[in-house]
1. When a/c reaches 1.5 or more, the comparison of a/b and b/c decides; with that in mind, is the range 11-61 rounded, prolate or oblate per its Cα gyration tensor?
2. Using 0.36 nm times the number of residues separating Arg84 and Gln37, minus their current alpha carbon distance, what extension gain do you get?
3. Over the chain, what is the relative contact order in whole percent, taking alpha-carbon pairs under 8 Å and six or more residues apart?
4. Could you state, as a whole-number percent, how many of the C-alpha pairs of the chain are farther apart than 28 Å?
5. In what sequence, highest mean first, do 85-97, 12-24 appear when ranked by Cβ atoms within 10 angstrom?
6. As a test of the formula, what do you get for the chain when each DSSP H run with n ≥ 4 contributes -39,500 (n - 2.57) and the sum is divided by the residue count, at 222 nm and rounded to the nearest 500 deg cm²/dmol?
7. Please state the equivalent ellipsoid semi-axes for the range 59-144: what are the square roots of 5 times the Cα gyration tensor eigenvalues, largest first, in whole Å?
8. For a test of the definition: using alpha carbon positions, the gyration tensor, and the 1.5 limit on a/c, classify the range 15-99 as rounded, prolate or oblate.
Amino acid sequence: MRHIRWQGGSYNFLKEAYGKKGGPLMSFLFVWQTCLQSALVVASGPSGSPQYFRYLVPMNWWETKAVSGLVVIAITALLYRNIRTIGKITVFLWAGVITILLWIIISGFTHQRVAYSPFPAEGESMFTWSFLVLLGNASVKTII
């Protein structure tokens, strides 16, 4: 029975899991995909953050680029740590996301101000103008 070393992360796991024939290919594809994906993941935060920050502080083009650069530096500083520390940061951020989602849901139920009902009256069709307005509004909010 062969002794398998499970150290080294996904690269070694794929190499061992797929054996001598498929292992090197899968490991190479994992590294290739990671090299492409990681740049896109790092770019997604800095590209959107200045747009949200502009709601708080008016910024010109150069200031927007500076905020993007600071976000990249902050992400790098957060990730350049021990894996246990990164795990704690991840749990903290996850708890923040769950808290904000619950806050939005609860405030939606407690501060509901709807002047029309999406449900049809007795004998009416479901597909009325108010339904189309609600559908369009929901579609726009999910895209933005």
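No value in this document is a laboratory result; all are computed from the given coordinates. A quick note: this is a predicted structure, and the numbers were derived from the prediction, not measured. Neighbour counts are summed over all protein chains in view; Cβ atoms, including those assigned to glycine, are modelled from backbone coordinates with ideal geometry.
1. Prolate shape, in that a/c is at least 1.5 and a/b is the bigger ratio.
2. Details: separation 47, 0.36 × 47 = 16.92 nm, distance 2.32 nm.
Full-extension gain reported as 14.6 nm.
3. Once divided by the residue count of the chain, the mean separation gives 11 percent.
4. Details: 5566 of 10296 pairs.
Roughly 54 percent, rounded to a whole number.
5. Details: 85-97: 10.8, 12-24: 14.0.
Ranking the peptides 85-97, 12-24 by packing returns 12-24, 85-97.
6. Details: 5 runs with 106 residues, N = 144.
Estimated from H runs of four or more residues: -25500 deg cm²/dmol.
7. Details: eigenvalues 361, 80, 25 Å².
For the range 59-144, the ellipsoid semi-axes come out as 42, 20, 11 Å.
8. Working: a/c = 3.16, a/b = 1.88, b/c = 1.69.
Prolate is the answer for the range 15-99, as a/c is 1.5 or above and a/b outweighs b/c.
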